[in-house]
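Asker: The structure is given below, and queries will be raised subsequently.
Nothing in this text is a laboratory measurement; each read-out follows from the coordinates by a stated rule. Quick caveat, the model's predicted, so the values are computed rather than measured. A quick note on method: Cβ atoms are made from the backbone with ideal geometry, for glycine too, and the neighbour counts reach across all protein chains shown.
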Ligand code: CA
């Protein structure tokens, strides 16, 4: 029986004690640690090899961890590598910023070895499952400016990177447009003292992306008229980057369609 390879995890952490501790923990739990003390060292390693996951500290001496994560998540060669941010920054706004850069998980210090390893394993499994489902991804989310919305958009974006020839600017524009709709939905819900106004259903195949936005109540029909209307209102991120072929009203909601082609070899 072949022995399973130990998953390789790039540890990007500038404090030597913490880097050693993380390496010891990961080794003890069956991973192979690859240490990097700076953002630049991490990029040098990533130019030569593809680890199975990245543990990323946010406060690094050379590069800002948020910027580094964004850089990794907007490159075809590194997009698919799961990134777990590991940081002392524990405000909800920091967490949101982490997911907005495209991170797959966000773990705060202090942590327990068991807890960190459980999150890392769950993240690896999730990312592996997503990449298997890429050929036909179906997801729904009630848009409400939640962390879950950001995770759903990140999953969609990873599948777009795997399956389509869209350029990174287009995929980022689509993701940013969705984030602005999600933020607007959160504001709308707070103003109207109601639940999420719109349910988004994502249906992605290798030849087309279909995003269906359905109001969740009679009252919330106004949200779509205000924020996503074929004649009146389209997020500028979508129109500027040409990520819509058709935007139409359908079954009481709005549907966005984009024809797709597989990535060039
Ligand atoms: Ca640090």
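Asker: Mind pulling the angle between the C-alpha long axis of helix 16-28 and the longest principal axis of the chain? Nearest 10 degrees, somewhere in 0 to 90.
Answerer: In the chain, helix 16-28 runs at an angle near 90 degrees to the longest axis.
Asker: Now for a different question. Could I get the Rg over Rh figure for segment 133-259? Both from C-alpha atoms, Rh via Kirkwood, rounded to two places.
Answerer: On the way: Rg = 13.6 Å, Rh = 14.5 Å.
With Rh from the inverse mean 1/r over Cα pairs, Rg/Rh is 0.94.
Asker: Okay, next question. Would you kindly state how much longer the chain becomes between residue 264 and residue 47 on full extension, computed as 0.36 nm times their sequence separation minus their alpha carbon distance, in nm to one decimal?
Answerer: Working: separation 217, 0.36 × 217 = 78.12 nm, distance 2.07 nm.
Stretched out fully, the residue 264 to residue 47 stretch lengthens by 76.0 nm.
Asker: Let me ask something additional. Could you give the nm distance between label points at residue 32 and residue 246, where each point is 7 Å from its Cα heading toward the beta carbon?
Answerer: 4.9
Asker: If R₀ is 45 angstrom, what is the calculated FRET efficiency for the pair residue 132 and residue 93, using the beta carbon separation as r and rounding to 0.05?
Answerer: Values: r = 33 Å, r/R0 = 0.74.
FRET efficiency, residue 132 to residue 93: 0.85.
Asker: Another question, then. Tell me, 73, 109, 258, 132 in order of fewest to most beta-carbon neighbours within 10 Å? Let's see the in-between values first.
Answerer: On the way: 73 24, 109 12, 258 21, 132 8.
Least crowded to most crowded, the residues run 132, 109, 258, 73.
Asker: Working from Cα positions, state the angle (0 to 90°, nearest 10) between the long axis of helix 39-48 and the longest principal axis of the chain.
Answerer: 90
Asker: Quick check on the exposure proxy: order 248, 18, 171 from fewest to most C-beta atoms within 10 angstrom. Mind showing how you got there, number by number?
Answerer: Details: 248 10, 18 14, 171 23.
Least to most surrounded, the residues fall as 248, 18, 171.
Asker: Roughly how tilted is helix 113-133, in degrees to the nearest 10 and between 0 and 90, from the longest Cα axis of the chain?
Answerer: So the helix axis and the longest Cα principal axis differ by about 50 degrees.
Asker: To make sure I understand, if each residue's beta carbon is the centre and we count other beta carbons within 10 Å, what order do 52, 90, 203 fall in, fewest to most?
Answerer: Numbers: 52 19, 90 11, 203 16.
Ordered by Cβ neighbours within 10 Å, fewest first: 90, 203, 52.
Asker: First measure r as the distance between the Cβ atoms of residue 194 and residue 112, then evaluate 1/(1 + (r/R0)^6) with R0 = 30 Å and state the FRET efficiency to the nearest 0.05. Present the calculation step by step, with values, prior to reporting the outcome.
Answerer: Numbers: r = 39 Å, r/R0 = 1.29.
Here the calculated transfer efficiency is 0.20.
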